[in-house]
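I have placed the structure first, in the form of structure tokens, so that the comments after it can refer back to it.
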Amino acid sequence: MNRKEIRLLLQKEWRTEWRRRTAFYGLVLYVFCTSFVLYLVVKQIHPVLWNALFWILMLFNAIQLMGKSFVQEESGVNIFLYTQVSALSIIMSKIIYNSAMMTVLSLLNYGFYAIIMGNPVQDIVIFLLNLVLGSIAFAVVLTFISALSSISVNQNSGLLAILGMPVFVPLLTVLIKVSKNAMDGLERSISYPNFLSLLAMIVAFVGTSLLLFPQIWKE
């Protein structure tokens, strides 16, 4: 893994995203519209339901954003990258970039959702920390699964949901639990073990990606 390669790949990702910026703007509009539609349907919402719907939106937004992380790359670009940079640099740059994009989208999602649906969160710091860690975890998992789906015969992005389900369930369980603690204003120390669990998941996801992606990239 080469830092210079990662930096150049991050610059490439940013330039590519800037050329396709209408897609990101469309996703931001989608986030706003889903929150607004929920408000029209349920104007007064219980905090428990508020929490559940928020993370459902987060999951769908993550799949929308990360679903084409590798699939959207042209074959010629992949062949060029294959000959010029290492597989570890490619997957690491994707993870870093997607984590940053997912964090920005998550903060926007929370902002729209809180304005439209109300904000029952009492401990904003814990909630935001949980949101950032959750965004990174979603990005790491979906980046790797996107690489897996890109080598399928039909490049079926629907594999994201199928392959990610065993990971999403425990991840969402922890995220929803910490969010509930923040909404109830409980002592922060209660959420610390859950944060350690989230960090452990992120490290495990990154380690798995770095271990397996070079073999996938050869395909």
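Quick notes on this structure:
- Fewest-first sequence of Leu129, Leu40, Leu142 by Cβ atoms within 10 Å of each Cβ: Leu40, Leu129, Leu142
- Highest-first arrangement of 101-111, 192-202, where packing means the average Cβ count within 10 Å: 101-111, 192-202
- Sorting the segments 52-58, 33-39, 132-138 by their mean number of nearby beta carbons within 10 angstrom, highest to lowest, gives 132-138, 52-58, 33-39.
- Taking one quarter of the surface of the convex hull spanned by the alpha-carbon atoms of segment 81-132 gives a direction-averaged projected area of 4.5 nm².
- Spin-label model, Lys177/Tyr39: points 7 Å from Cα along the beta carbon direction are separated by 3.3 nm.
Read-outs throughout are calculated quantities, based only on the coordinates presented, and are distinct from any laboratory measurement. Just so it is clear, the structure is predicted and the values come from calculations on it, not from any experiment. A quick note on method: Cβ atoms are made from the backbone with ideal geometry, for glycine too, and the neighbour counts reach across all protein chains shown.
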